[in-house]
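Here's the structure, in structure tokens; my notes come after.
The values are calculated or read from the model by the stated rules, or taken from the named source; none is laboratory data. Values in this document were obtained by computation on a predicted structure and should not be read as measured data. Cβ: placed from backbone, ideal geometry, glycine included. Neighbour counts: every protein chain shown. Please note that ligands, DNA and RNA were not included when accessible areas were found on the heavy atoms of the full protein model with its side chains. Shrake-Rupley method; radii C 1.70, N 1.55, O 1.52, S 1.80 Å.
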Amino acid sequence: MRNAIRALRMFLWMSLLTGIIYPLLILLIAQTTASNKANGSLIVRKDSVIGSSLIAQKFESTHYFWSRPSAGDYDPMHSGGSNLSPTSSKLKKLVEERQQKIMTADGIKKVDLIPDELVYASGSGLDPHISPETAYFQINRIVNARNNPNITKETLRQLIDKKSQKRVLDFIGQAYVNVLELNLAMDEIK
């Protein structure tokens, strides 16, 4: 009986410590040191949440930069790759459909010119970034679709350069640009 009481006390103490005290301490630290990240890096415009800078969104209009394809249709509850092998006929068909869509939208004649990022999904299926080169590739389509004298190829190049995150210490990682933030910045051009 004595051991049962000790075990019960230990169970209650550990439940309190690991189930309440520790999570509240971590929450307090996160909210005081990095509240934006702790709250999901939400992007707010006019008191309305537009999205998160951490999760890709689906852009299909020719007026916008497109994100990488998503195996889970950009649903964060179903993140992950498709697990299709490079020899999969289903993957080959998906890639060909995406290439055809891009060739039609961008007026491209050669498949070789299309960046791989626009036809293959990322490992998580929710990658919110593309390389600056992939963003540059989409400039012609956007300029033609927008038909706005203030949105020129040079304006978009400058915007991509401004919004791009460079490699850390010029050799770690890859340069990237957040597609949602880039599209929102482009919408602000009058």
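Things to note:
- Beta carbons closer than 6 Å, at least 6 apart along the sequence or on distinct chains, pair a first residue in segment 62-80 that is modelled with pLDDT of 85 or more with a second that is open to solvent by less than 20 Å² (accessible area, probe 1.4 Å) and among the charged types (D, E, K, R) for Thr62/Arg141.
- Candidates Asn83, Asn144, Asn140 - the one that is surrounded by fewer than 18 Cβ atoms within 10 Å (Cβ to Cβ) and part of a loop (DSSP other than H, G, I, E, B): Asn83
Yes/no per residue for (1) touching a strand residue (DSSP E or B) at 6+ places or on another chain (Cβ under 8 Å); (2) farther than 28 Å from Pro128 by Cβ; (3) of a type in the set (Asp, Glu):
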position	(1), (2), (3)
Phe11	no, yes, no
Tyr22	no, yes, no
Ile26	no, no, no
Ser35	no, no, no
Ala38	no, no, no
Gly51	yes, no, no
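- Looking across Leu42, Leu12, Leu94, Leu17, one residue alone is surrounded by 15 or more Cβ atoms within 10 Å (Cβ to Cβ) and aliphatic (A, V, I, L, M). It is Leu94.
- Looking only at residues of segment 24-38 that are among the aliphatic types (A, V, I, L, M) and in a helix (DSSP H, G or I), we find that the one that is least open to solvent (accessible area, probe 1.4 Å) is Ala30.
- Within segment 100-123, the residues that satisfy the criterion of being small (Gly, Ala, Ser) and more than 21 Å from Ser164 (Cα to Cα) are Ala105, Gly107, Gly123.
- Of the residues making up segment 147-190, those that are free of Cβ contacts under 8 Å to residues at least 12 places away in the same chain, part of a loop (DSSP other than H, G, I, E, B) and within 21 Å of Asp106 (Cα to Cα) are Asn147, Pro149, Thr152.
- Filter result for Val119 (touching a helix residue (DSSP H, G or I) at 6+ places or on another chain (Cβ under 9 Å), on the phi < 0 side of the Ramachandran plot, open to solvent by less than 50 Å² (accessible area, probe 1.4 Å) and among the aliphatic types (A, V, I, L, M)): yes
- Conditions (1) touching a Lys or Arg at 6+ places or on another chain (Cβ under 8 Å); (2) touching a residue at least 24 places away in the same chain (Cβ under 8 Å); (3) in a loop (DSSP other than H, G, I, E, B); number of the one not met by Gly123: (1)
- For segment 97-113, the candidate set comprises residues that are among the aliphatic types (A, V, I, L, M) and farther than 21 Å from Val177 by Cα; within that set, the residue that is most open to solvent (accessible area, probe 1.4 Å) is Val111.
- Selection status of Ile130, of a type in the set (A, V, I, L, M, F, W, C), open to solvent by 30 Å² or more (accessible area, probe 1.4 Å) and in contact with a helix residue (DSSP H, G or I) (Cβ under 9 Å, 6 or more places away or on another chain): no
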